[in-house]
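See structure below.
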Amino acid sequence: MNAYVTGNTIKQLRESRHLTQLQLAERIGVSSKTVSKWETGKGLPDISLLQPLAQALGISVIELMNGEHITNRNVSGNLLRGQFYICPVCGNIIHSTGSAVVSCCGITLPPQEAEMPDAAHGLTVENVEDEHFVTVRHEMSKGHFISFIAFVTSDRLQLVKLYPEGDAQTRLQLRGRGYLYYGCNRHGLFKVKV
Ligand SMILES: [Fe+2]
């Protein structure tokens, strides 16, 4: 059943809050019989009751509709699970730490899927004192260039914007394990584990 809220959810939430059907009913201004109907799948709360019902159960409407109490698990806290979005119109580069709907220049952008570099997008990393000199062996003409190089670890993102007719290289502090990401305006996103 694809109801926006299930009887089971209401029942479980009510019981976990040690409320009787009558107590819950009184909080939202319905009869205990109505609550009983919802819980046994014989009826659904009117959409206008979702907010008071959620409030009476001490959760958000979204939690009520999802049937779970959402705790801040910080699931998006690991940057390694983040995504890059690159606008094909203006070249905007957006990084999100979790799933997102991203739009730019009127287009909804899909998350870029990073590939292992091919021969035309090879990368070298040289140690220079406490930094690393990262070079992408790639042309930097106006029509075909590397637009950025980024280093992503679980808790840090360093992103360097590159421009056509500049150099396809940068210095980065590669602290910890992570991934080097770099984007070609024609061939998409590449990544290398470091
Ligand atoms: Fe390319």
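Taken together, the values in this text are just the output of simple stated rules run on the coordinates, not laboratory data. All values derive from a computational prediction rather than experimental measurement. All Cβ positions, glycine included, derive from the backbone under ideal geometry; neighbour counts span all protein chains shown.
When you take every Cα atom in segment 1-70, what is the radius of gyration, and what is Dmax, the widest Cα pair distance, in Å?
Spelled out, the Cα radius of gyration and Dmax of segment 1-70 are 10.5, 29 Å.
Report the local net charge at S36: Lys and Arg +1, Asp and Glu -1, summed over other residues whose C-beta lies under 10 Å from its C-beta. Before the final figure, lay out the partial values.
On the way: positive: K11, K33, K37, K42; negative: E39.
Result for the local shell: +3.
Within the chain, how many lysine pairs that are 8 or more places apart, or on different chains, have C-alpha atoms less than 21 Å apart?
7
Can you give the convex hull volume of the alpha carbon atoms of segment 128-194 per residue, in Å³?
Dividing the Cα hull volume of segment 128-194 by its residue count gives 75 Å³.
At R0 = 35 Å, how high is the FRET efficiency between S16 and L80 if r is their beta carbon distance? Nearest 0.05 is fine.
After rounding, the FRET efficiency stands at 0.50.
Specify which residue in the list H144, H121, Y179 is farthest towards the positive end of the charge dipole of the chain, using unit charges on the beta carbon of Lys, Arg (+1) and Asp, Glu (-1), about the Cα centre.
Y179
With a bin width of 5 angstrom, please list the P(r) values of segment 94-165 as percents of all Cα-Cα pairs, from the 0 bin to the one holding the largest distance.
With 5 Å bins starting at 0, P(r) equals 3, 11, 17, 23, 23, 14, 7, 2, 0.
Along the Cα→Cβ direction, 7 angstrom out, place labels at M116 and V128. What is the inter-label distance in nm?
Modelled inter-label distance: 2.9 nm.
Kindly provide log₁₀ I(q)/I(0) values, in the same order as q = 0.09 Å⁻¹, from the Debye equation applied to equal alpha-carbon scatterers of the chain.
-0.55
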